[in-house]
Amino acid sequence: MHSLRYQRPARIEDALKMFGDDSDAAYVSGGHTLLPTMKQGLARPTTLVDLTAIPALRHIDLDHGHISIGAATCHADVAASAIVRENIPALAGLAGSIGDRHVRNRGTIGGSVANNDPAADYPAAVLGLGATVVTDRREIPADDFFVALYETALEPGEIITQISFPIAQIAGYAKFRSAASRYSVAAVFISRGPQGVRVAVTGAGARGVFRAHDMEKALAEDFRAEALAHVRIDPATLLDDLNGTPDYRAHLVQVMARRAMENLGSAQSYK
Amino acid sequence: MLNERAFKAVGRPLPRKEDLRLITGKGRFTDDFNFPGQVWAAMVRSPHPHARIVAIDSEGARAMPGVLGVYTGADCERDGLKPIPHNPVPSTNFDVKLTGRGGTKVFIGSHMLLPADKSRHVGEAVAMVVAETRDQAYAAAEAVDVTYDVLPWVADTAAAAEPDAPRLWDEIPDNILVDSSFGDVEGTEASFARAAHVVTMRSHVGRVTGVPLEPRAAVGHYDTATGRYTLYAGSGGAVRQKRELAEVLNEDQQNLRLLSFDVGGNFGTRNRAYVEFGLVLYASRKLGRPVKFRAERSESFLTDYQGRDLVTEVSLAIDADGKFLAMRASNLSNVGSRCVSLSPLSKGSGLITGSYDIPFATLRSRAVYSNTMPTQAYRSSGRPEVTFAIERLIDKAARELGFDRLDLRRRNLVRPQQMPYVNAVGSSYDSGEYEANMDRLLALADWQGMEARRAEAKSRGKILGFGFANYVESSIGTPKERADVIVRPDGVEVVIGTQPAGQGHETSFAQVTADLLGVPFENVTITLGDTDVVSAGGGTHSGRSMRHASTVLALASEDLIAKGQALAAHVLGVPLDSVVFEDGVFRVADRNTFLSWFDLARRSDDEGLPAQLRGGLKVRRDSEMHTPVFPNGACACEIEVDPETGGLDIVRYSTVDDVGRCINPLIVHGQTHGGIAQGVGQALWEQCVIDPGSGQPTSGSFMDYGMPRFDNMPSFKTQIVEVLSPTNPFGVKAGGEGGTTPAPAVIMSAVEDALSEFGPIDFEMPATALKIWSHIQSGRARLRSSNAA
Amino acid sequence: MTTVSMTVNGSPVSRDVEDNTLLAFFLRESLGLTGTHVGCDTTQCGCCVVHVDGRSVKSCTMLAAQANGCAVTTIEGLATGDKLHPVQEAFRTYHALQCGFCTPGMIMAATNLIDTYQGELTEEIVREEMEGNLCRCTGYHNIVKAILAAADAMRPARRAAE
């Protein structure tokens, strides 16, 4: 791996300053996307600013109908959190289905959301629950946050501090994983809550996570799996790779949507 | 001969001697060795499948921090390095004889450490950078500027065999290096002419890679004072690699020492020398410092020797009663850019008729060069490919002609009373109870309960598929082996030239030695892997090790016992013929006097011993054994397909394996388990994909190359059968490869059974969820249109 | 360069290393603890699993500097003197290793699973929870058996600790 400077500030202000001091700086949290990318030489930041020592970024709180999760909280902690398990079991289940148990001990929610990998799980929950991404400078609604593959509304240097999830009445998640990478080939997160019915799809979209509006409409009228029977997903907007053709993914999205409905209120996400 | 009743260690599931160091982090793998002053090598790898090397500009790289040297193919030639002498044509008396077209010599393209003329596959090393640190070496390798003249390329096996395909070697008119025919043409043609049915199948058993979890590594040191080279490099046999690397370096063999201790998986991939092994030695000579290379996993995916890649066309002539009359086969093996081994083609060629009594057969065996990484013997080299061909063809015949698929097999199996059975291409099966294996297997797999399970699966929306395959494989391998057996006052040491990578030789060879000599298992240690200690040896491949080791140990122990008797007679002052060896001690008849091995060892350096008894209580024995053995068995599995996603679960997996004498059941079952996983992996997930447009490999990491994992493998039911082989003292056949050999066939048989309502499957392995789902879709569409019509 | 200090297998260590040093190579090359292996570059094989502050992590995907101030346990620190950890013992008894390259990571993953999993371990759960560790030799069969047996053997100790 190339040479770099590693820094671990304890305050957000310091992190911003360190980032600003090097035009090739990158933030790192769990590092479970960034470090493999760096090992392959696909990213070469010369300064790494580690955000995990900033206490303000590590918490899981319940307040006023929201669960707010600090950006540097690892997946294992979200999966095990009593607050999350009781209030949004599907979110706990989703966190517990990411990568493997070692990855979940390091990878963080903030890192996952900021990276916006088209096959990552968390973007589906953020979009599917209508969460708010809170940064050091503003609050960004999920609908405005995810822009394109690996692209978000974050400005250079902007730090996600927490994600605030409105507590849904009910939510469910289902995914179909790649036999090799174990990332989703197609996964669907469905919730019904203060923002109505929301259906978010990850793993399948050519531009990353997206909302399936036709499914939302159908479920808003009749919140049962059967209501999805005739809703089609347009393959033209879907990914084409070794794991699946657009047609296959369009079909999988339907199947996963139905299974997400069957998983409502549970932490089940695959199998 | 052997007294089985005296066996105290053989046949017992003893925990392994090697485990203590491995479970406490004290293993000795190649990258665990470091030397003072050590520097690092990195390879500059070709980005093109086929390109002439026009110029290599290393100036920029040389100027980078820490860089000590940059070496190219031209440098290697200038310094007199020779190609790696892979010696790829199998040559024991019982290997089928492969030749070039019309009986000519097989053309072997030269395999230099670095090519000076052109790169012939993506990832081929075209230059080496050595630097103080590994990071510096890899960074500088990126800065080496190679000018290529990109050439037309071919990667696909069948396409490479076409007469107008881009040509890799100027020395031959096309890419075909082997074209041999075997069998009785007249008998075969006559049988086909009178057959009631002929069934034909074409299939491509695709390219996979071994993925030993230890990435390959080497650390070489040239001692300027002694002129001697030392290389630590995990391999499948240090003795062979010493011989070959000595040739590469143009050195005397005694000037090389190779050490291979714990090897983190092999499966065939490490049986041939890698260019980096020679290169670190070369660089060390140039620089006077130890040089280390450790591959990234991505380099291993690209440039570990790969496996399989056989296109096969088979036809079976069958009479009205379902009796097999004759077989025609044509096999085309893709050796990649250089011919490292023809073992896969050769091994398979001798077994095309499988477990069945087929009186006539003809076979055309061809091998072809292509712009891909060279292939090598991989996990049951050649046998899964031909087992796939015959077993899938029988399934097809049963389906098309209306036979029961198990019945059709039973009708044609080789029977025990036919043993030894010479098959239609000349292989002599030594022993086995093929139909009894089937019966045992069907009981083990609860075949009776399968339909009930199928109905139950259906109630859950799943489709159950049952797969079945018989198999026979062959264990041949390098014919020579040597053992030194040394008795000391505190124990017995065996020095032998096999090279395990997890097969437990330190344990099972100790079991054999203990029982041959009548000493406790705990008192025997096995020494392997250092060519300064191990003077000769055939290495570990083709399931040869247990058979060759037990044979040479049996011979050595006879010598050792004779020596012990003479020593005992001398020590006790009695005539030689009054000393009897029994129960591990030397007794004098009618006297209550005896000496143990260890008593004798204490006396073996006594002054005044006659000359022939001096020099310690030890023997060296060589053995040469050409006769192959034929492990065999049967295998069944059940899968459940989710028709909505095309995903599947393996829910039951059972095997019966006749391994001959089983020395250590714990180890043999374990070998079978691992073998199964690798065969299943190829059937369901594993594939080295090359993009047909660009020639670029696209499955270069665990992100894209699907592996058997904890959660996609079931627990297995494995049963060992011991029909002793008459060919060697212990009756050993071989274990482990039997797990792999039938696995691709049995999985695809289950997939086809599950999908039968949607029509016969028309896709190749791996049977991915996407392929299964697509098959279901097209099958449904067909059903809909035929219903409409 | 940066100074990294941590507790490894109970002993404090401190070394100056390049900032880009991964924890796995810090253990192997700076400390000579070569039991921790590196088998891939995409955080998948699990050969490098160690415990950091009681959690299992893939040490190839963590900078040594990120473990500054932490307590790290490697395969070398698992046995107590000559007394093997029950998981090590079970791996030997059930022949849960062949070449042994994945074994250190496998054992570290298994000990952490048994220590931290809430509830009863079954074959299905072991297979699901261990999927981040690859083995090429065993087909996993005997590893699953060993982990379940070790979990059984450790249960009384776990209960007492609760």
Residues whose placed amide H lies under 5 Å from that of B:ALA127, excluding near-sequence neighbours: B:VAL44
Solution diffusion estimate, µm²/s, Stokes-Einstein, the range B:530-572, Kirkwood Rh from C-alpha pairs, 4 °C, viscosity 1.567 mPa s: 104
Most fluctuating residue given options A:ALA229, A:ALA206, A:ALA179, as computed from a GNM of chain A linking Cα atoms under 10 Å: A:ALA179
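Just in the range A:1-108: which trypsin sites (Lys or Arg not before Pro) are loop by DSSP and have at most 13 other Cβ atoms within 10 Å?
Working: sites: A:ARG5, A:ARG11, A:LYS17, A:LYS39, A:ARG58, A:ARG85, A:ARG101, A:ARG104, A:ARG106; in loops: A:ARG11, A:ARG58, A:ARG106.
The qualifying sites are A:ARG11.
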Residue-wise HN-Hα coupling along the range A:131-139, computed from phi with Karplus coefficients 6.51, -1.76, 1.60 (Hz; x: Gly, Pro): 6, 10, 8, 9, 10, 5, 10, 6, 10
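Helix by helix, which DSSP H runs in chain B go 27 Å or more along their axis at the Cα atoms and have an average Kyte-Doolittle hydropathy of -1.0 or more?
Values: long enough: B:545-572 (38 Å, 0.63); B:665-684 (28 Å, 0.37); B:769-788 (28 Å, -0.51).
Helix filter hits for chain B: B:545-572, B:665-684, B:769-788.
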Nitroxide proxy distance, nm - points 7 Å out along Cα→Cβ at A:ALA148 and C:SER14: 5.0
Whole-Hz couplings from phi, Karplus 6.51/-1.76/1.60, listed for the range B:352-363; x for Gly and Pro: 4, 8, x, 8, 10, 7, 10, x, 10, 7, 10, 9
Pairwise Cα inverse-distance average, inverted: Kirkwood Rh of chain A (Å): 18.6
Relative counts (whole %) of C-alpha pair distances in the range B:652-723, using bins that are 10 Å wide: 17, 37, 24, 15, 6, 0
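With runs of 4+ DSSP H residues as the only contributors, calculate the mean residue ellipticity of chain B at 222 nm using -39,500 (n - 2.57) per run, divided by the residue total and rounded to the nearest 500.
Taken over chain B, the calculation gives -9000 deg cm²/dmol.
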Label point distance in nm, A:THR237-A:ASP214, each placed 7 Å from Cα along Cα→Cβ: 1.0
Peptides ranked, highest mean first, by Cβ atoms within 10 Å: ranges C:32-42, C:77-87, A:154-164, B:385-395: B:385-395, C:32-42, A:154-164, C:77-87
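Tell me the Kirkwood hydrodynamic radius of chain C in angstroms, computed as one over the mean inverse distance between distinct C-alpha pairs.
Details: mean 1/r = 0.0623 Å⁻¹.
Mean inverse Cα-Cα distance, inverted, gives 16.1 Å.
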FRET efficiency estimate (nearest 0.05) - Cβ-Cβ, C:GLU123 to A:ASP24, R0 45 angstrom: 0.40
Simple spin-label estimate for A:ARG5 and B:HIS197 in nanometres, 7 Å along Cα-Cβ: 7.7
Around C:GLU89: net Lys/Arg minus Asp/Glu count, Cβ-Cβ under 14 Å: +1
Per-pair calculated FRET efficiency, R0 = 22 Å: B:ARG5 and B:ALA589 via Cβ, rounded to 0.05: 0.55
Residue-count net charge about A:LEU242 - beta-carbon cut-off 13 Å; Lys, Arg +1, Asp, Glu -1: -3
Two-site FRET efficiency, A:THR245 against B:ASP145, from Cβ-Cβ distance with R₀ of 60 Å, rounded to 0.05: 0.95
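B:VAL580 to B:SER756: extension gain in nm, 0.36 nm per residue of separation minus the Cα-Cα distance? Display every interim value, and only then the final one.
Values: separation 176, 0.36 × 176 = 63.36 nm, distance 6.73 nm.
Value of the extension gain: 56.6 nm.
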Reachable lysines from B:LYS771, criterion Cα separation under 23 angstrom, eight or more residues apart if same chain: A:LYS175, A:LYS271, B:LYS396, B:LYS458, B:LYS462
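How charged is the neighbourhood of B:GLY518? Take every other residue with its Cβ under 11 Å from the Cβ of B:GLY518, and add Lys/Arg as +1 and Asp/Glu as -1.
Values: positive: B:LYS8; negative: B:ASP515, B:GLU582, B:ASP583.
Neighbour charge sum, excluding B:GLY518 itself: -2.
Need one value for C:141-147: mean number of C-beta atoms belonging to other chains within 10 Å of its residues' C-beta atoms. Walk me through the numbers on the way to the answer.
Working: counts 14, 7, 2, 4, 1, 0, 1.
Counting Cβ atoms of other protein chains within 10 Å of each residue's Cβ and averaging gives 4.
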Using θ = phi - 60° and Karplus 6.51 cos²θ - 1.76 cosθ + 1.60, couplings along the range C:56-62 (whole Hz; Gly, Pro as x): 7, 9, 8, 6, 7, 10, 7
Average beta carbon contacts from partner chains per residue of C:87-98, 10 Å cutoff: 6
Spin-label zone in the range B:63-78 - amide nitrogen under 16 Å from a point set 7 Å from the Cα of B:ASP57 along the C-beta vector: B:63-64
Nonlocal amide H pairs with B:VAL651, under 5 Å, H built at 1.01 Å: B:GLU638, B:ILE639, B:GLU640
Nonlocal amide H pairs with B:VAL154, under 5 Å, H built at 1.01 Å: B:ASN371
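Which helices count as membrane-span-like in chain A under these terms: full DSSP H, at least 18 Å along the axis by C-alpha, Kyte-Doolittle mean of -1.0 or more? The partial results should precede the final answer.
On the way: long enough: A:246-262 (24 Å, -0.51).
Answer set is A:246-262.
No lab work stands behind these numbers, since they all come straight from the coordinates. Being a predicted model, the structure only gives us computed values, none of them experimental. Reconstructed Cβ throughout: ideal geometry from the backbone, glycine too, with neighbour counts over all protein chains shown.
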